[in-house]
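Engineer: Take a look at this one; I'll ask things after.
The values are calculated or read from the model by the stated rules, or taken from the named source; none is laboratory data. Just so it is clear, the model here is predicted, and its values are computed rather than measured. Here the Cβ positions follow ideal geometry from the backbone for every residue, glycine too, while neighbour counts run over all protein chains shown. With ligands, DNA and RNA removed, areas are computed over all heavy atoms of the protein, side chains included. Shrake-Rupley method; radii C 1.70, N 1.55, O 1.52, S 1.80 Å.
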Amino acid sequence: MKFVSALLLLAVSGVHSFSSPAKTAPMPLSNTDGSGNTVDPLLIRAARGETTERVPVWMMRQAGRHIKEYRELCKKYPTFRERSEIPDVAVEVSLQPWRNYQTDGCILFSDILTPLPGMGVDFDIDEKVGPVVTPMRSWDDVNKMHLMDPSKSAPFVAEALRTLRQEVTPETAVLGFVGCPYTLATYLVE
């Protein structure tokens, strides 16, 4: 239990220790309509508990194996990490279900373990097994970890999110995600 607590402490302490973000254009917090009026996407308004004109729809699975364009893209970029860490590819994979179904949210094609390499822990994703991480079994393993600087270790995430915001309609929420410290810790010790 002390081991998992140390991992959680390291992960949580890093949340407030990030360096300043790279000097890039800020992500808009809201969208504007054609008249310049601020209009938050339906999904965002519903998440805030506001009354909305209908129930918003988005696909939890970022990319559909059922989408022909996705299967074709997998031939050129065979690994999940290529598809999620090359910004233009991640954007294309993210946009495919949005284009096909015009959902109210467009979710970034990514993985919950994306922060790990920036903390000194490599991982792979086996297409048939899922994430593969060498388990941490000692304090020495934990001590090899370090705080991450997302602007240096995962700049592709911010770039892809900025591009998605530009590509989708103002009514569409752009969603990113990442594993919480406890989730990351469970992958590190199992």
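Engineer: Could you tell me whether S19 is in a loop (DSSP other than H, G, I, E, B), in contact with a helix residue (DSSP H, G or I) (Cβ under 8 Å, 6 or more places away or on another chain), modelled with pLDDT under 95 and farther than 14 Å from T172 by Cα?
Structural biologist: On the way: in a loop (DSSP other than H, G, I, E, B): yes; in contact with a helix residue (DSSP H, G or I) (Cβ under 8 Å, 6 or more places away or on another chain): yes; modelled with pLDDT under 95: yes; farther than 14 Å from T172 by Cα: yes.
Criteria met by S19.
Engineer: Just name the residue that is surrounded by the fewest Cβ atoms within 10 Å (Cβ to Cβ) out of those in region 150-161 that are farther than 21 Å from T103 by Cβ and in contact with a Gly (Cβ under 7 Å, 6 or more places away or on another chain). Full working, then the answer.
Structural biologist: Start the filter on region 150-161 by keeping residues that are farther than 21 Å from T103 by Cβ, which leaves 150-156, 158-159.
This time we only want the ones that are in contact with a Gly (Cβ under 7 Å, 6 or more places away or on another chain), so: 150, 153-154.
Details: P150: 18, S153: 16, A154: 20.
Restricting to residues being farther than 21 Å from T103 by Cβ and in contact with a Gly (Cβ under 7 Å, 6 or more places away or on another chain), the top hit is S153.
Engineer: Here's another thing I want to ask about it. Any residue in region 94-111 that is of a type in the set (S, T, N, Q) and touching a strand residue (DSSP E or B) at 6+ places or on another chain (Cβ under 8 Å)? Talk me through it step by step, then tell me what you get.
Structural biologist: Of all residues in region 94-111, those of a type in the set (S, T, N, Q) come to 94, 96, 100, 102-103, 110.
After this cut, where a residue has to be touching a strand residue (DSSP E or B) at 6+ places or on another chain (Cβ under 8 Å) as well, the list is 94.
Checked against the condition, which is being of a type in the set (S, T, N, Q) and touching a strand residue (DSSP E or B) at 6+ places or on another chain (Cβ under 8 Å), region 94-111 yields at least one hit.
Engineer: List every residue pair whose Cβ atoms lie under 6 Å apart, where the two residues are 6 or more positions apart in sequence or sit on different chains, the first residue falls within region 166-182 and is small (G, A, S), and the second residue, located anywhere, is open to solvent by less than 50 Å² (accessible area, probe 1.4 Å) and part of a strand (DSSP E or B).
Structural biologist: A173/G105
Engineer: Which residue is most open to solvent (accessible area, probe 1.4 Å), if the candidates are limited to region 162-190 and must be under 11 Å from the mean Cα position of the chain (by Cα) and more than 16 Å from D104 (Cα to Cα)? Even if it seems obvious, please write down each step before you answer.
Structural biologist: At the first step, the residues of region 162-190 found to be under 11 Å from the mean Cα position of the chain (by Cα) are 174-179.
Right, trim to more than 16 Å from D104 (Cα to Cα) and you get 177-179.
Numbers: F177: 71, V178: 86, G179: 11 Å².
Among residues in region 162-190 that are under 11 Å from the mean Cα position of the chain (by Cα) and more than 16 Å from D104 (Cα to Cα), the one most open to solvent (accessible area, probe 1.4 Å) is V178.
Engineer: Still on this model: When you check V142 against the structure, is it of a type outside the set (K, R), over 20 Å from G176 (Cα atoms) and without any contact (Cβ under 8 Å) to a residue 12 or more places away in the chain, yes or no? Let's see the steps before the verdict.
Structural biologist: Details: of a type outside the set (K, R): yes; over 20 Å from G176 (Cα atoms): yes; without any contact (Cβ under 8 Å) to a residue 12 or more places away in the chain: no.
Here the answer is no, as V142 does not meet what is asked.
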